[in-house]
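Okay, so here's the structure we're looking at.
The values are calculated or read from the model by the stated rules, or taken from the named source; none is laboratory data. Please read these numbers as outputs of a predicted model, since none were measured by experiment. Counting neighbours? That spans all protein chains shown, and the Cβs are built from the backbone with ideal geometry, glycine included. To get the accessible areas, we keep the full protein, side chains included, count just its heavy atoms, and leave off ligands, DNA and RNA. Shrake-Rupley method; radii C 1.70, N 1.55, O 1.52, S 1.80 Å.
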Amino acid sequence: MAVFPSTAAAGQAERRSHGTGAGTGTGTRRGAGANGGRGGRPRSQRAAYLFIAPIALGFLVFYIWPLLETFWFSFTTFGAFGGNSWVGGENYERVVRDVTVGKALGNTLLYMVMGLMTLPVAIVLADLMNRRGLRGVPVYRTLYFMPFVTMPAAVGLVWNWLYNGDFGMVNEALSWIGVDGRYWISDPSTAVYAIGVVMIWSHVGYYLIIFTAGIKAIPRDYYEAAEIDGAGPVRRFFRITLPLLSPSIFFASVICVINSLQQFDLIFVMMSPENPALGETQSIVTLFFKWAFDENSQGAAAALAFLLMLLIAALTYVQFRLQKRWVHYA
C-alpha cells in the first residue's frame, strides 16, 4: 500500500517538471518577442535612440567639441599666419593680471543685476494683464514682445538716436519738465546704465509671455477663496501669485543670468571704438572679441571665454541649489 502514494507523488512531480519546462519555453519565446528578437533590446528603446541620435550628434559637434577645442586653444598662442604653439598657463596669467579683465568682469556682473531687474517688471505687467475685464490684452502683449524679436542691431541704432545729446528724444522729453539732458552713451558715468535700460526694455516682453502663461496656470479658485476671505489685490499677489509663480520665476532667472553674462550685441552697436565711455561699458564678451579679432590673441581670448563658461556654470549651479528654498512646485 505504501507504493501507491510514492508512485502518485512521482507522477505529480513529473507532470510539474513538464509543465514548468513548457511554461519556461513559452516565457522565453514571449520575452524574445518583446525584446525584438536578436538584439535582446526592446524595439521601443532602439527607436528612442534613433530619434535622439541627431540631437546628440549635434550636441557633440556644436557644443562639446568646441568646448574641448577652446580649452586646448587656451594653452596655446597663434601666429600671424596661422598655426599655434603650446605656451602653458601664460594666457591664464594674462587674464588674471590684466586690469581690463577686472573692469569687464565688474561691468558684466552689473549687466547681470540690471538684467534681473527685468523680472519684477515683467511679473507686475503679467499680473496686470491677467486682471478680469481688461481689454486689448493681446495687443499690449504683442507690443511688449516686438522689441524682443527685433534685431539687436536695429534696437541699438534706434536707441543711439534716442540717447543723442544734441537732438535725441530723451533729452527733448526731459527738457519739457525742466531737466537738462546729457550725452548718455558718451558719459562714462551713465553709459553702462543707459545700455542697461535698453536691455530691460528689449527683454521684458519675453519674460512677460513666460509669466503670463504661469499665472494662467494658477487655479482661479484660490483667488476667489482669498477674495471671499477679504484679501485685497496686493495681498493676493504676494500670498498666491508669487508663491505659485516661483517655478516660472526660477526658470526665467536662470535664462536671464546666462543671457546677461553674455551681453555683446547692444554694446558693440551702441559704443563706437572712439567713444570715451567704451572702457566703462565693456563686458567679458566684448573684451573677448577685442583680444581675438583686433589684437590677434586667440589663445588669451580662449582662456577668457573658458573662464566665462565656468562662471556661468557656477552661478547656474548656485541657482539650482538655492531654488529648493524658495521654489514651490504644486
*asked:* For a test of the definition: using alpha carbon positions, the gyration tensor, and the 1.5 limit on a/c, classify the chain as rounded, prolate or oblate.
replied: oblate
*Whole-Å distance, taken between Cα centres, linking the range 270-295 and the range 85-114*: 13 Å
*Given the options ALA302, ALA191, ALA154, state which has the largest fluctuation in a GNM of the chain using a 10 Å cut-off (strictly under) for Cα springs.*
ALA154
*On a C-alpha basis, how far is the centre of the range 175-195 from the centre of the range 63-80 in Å? Whole number, if you could?*
41 Å
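At a threshold of 8 angstrom on Cα-Cα distance, excluding pairs fewer than six apart, so keeping six or more, what relative contact order does the chain reach in percent? Intermediate results must be reported in sequence, preceding the final value.
Working: 316 pairs, mean separation 84.3, N = 330.
Reported relative contact order: 26 percent.
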_Accessible area (Å², per residue) of the chain, counting only protein heavy atoms and a probe of 1.4 Å_ = 62 Å²
*Under the definition of Cα pairs under 8 Å and six or more residues apart, what whole-number percent is the relative contact order of the range 146-279?*
33 percent
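What's the longest bit of the chain with no exposed chymotrypsin sites (Phe, Trp or Tyr not before Pro), using DSSP loop states and at most 12 other Cβ atoms within 10 Å as the test? Display every interim value, and only then the final one.
Values: sites that count: PHE81, PHE167, TYR329.
Longest stretch, sites excluded: 168-328.
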*If the cut-off is 12 Å between C-alpha atoms, which aspartates and glutamates fall inside it for LYS103, apart from same-chain ones fewer than 8 positions away?*
GLU280
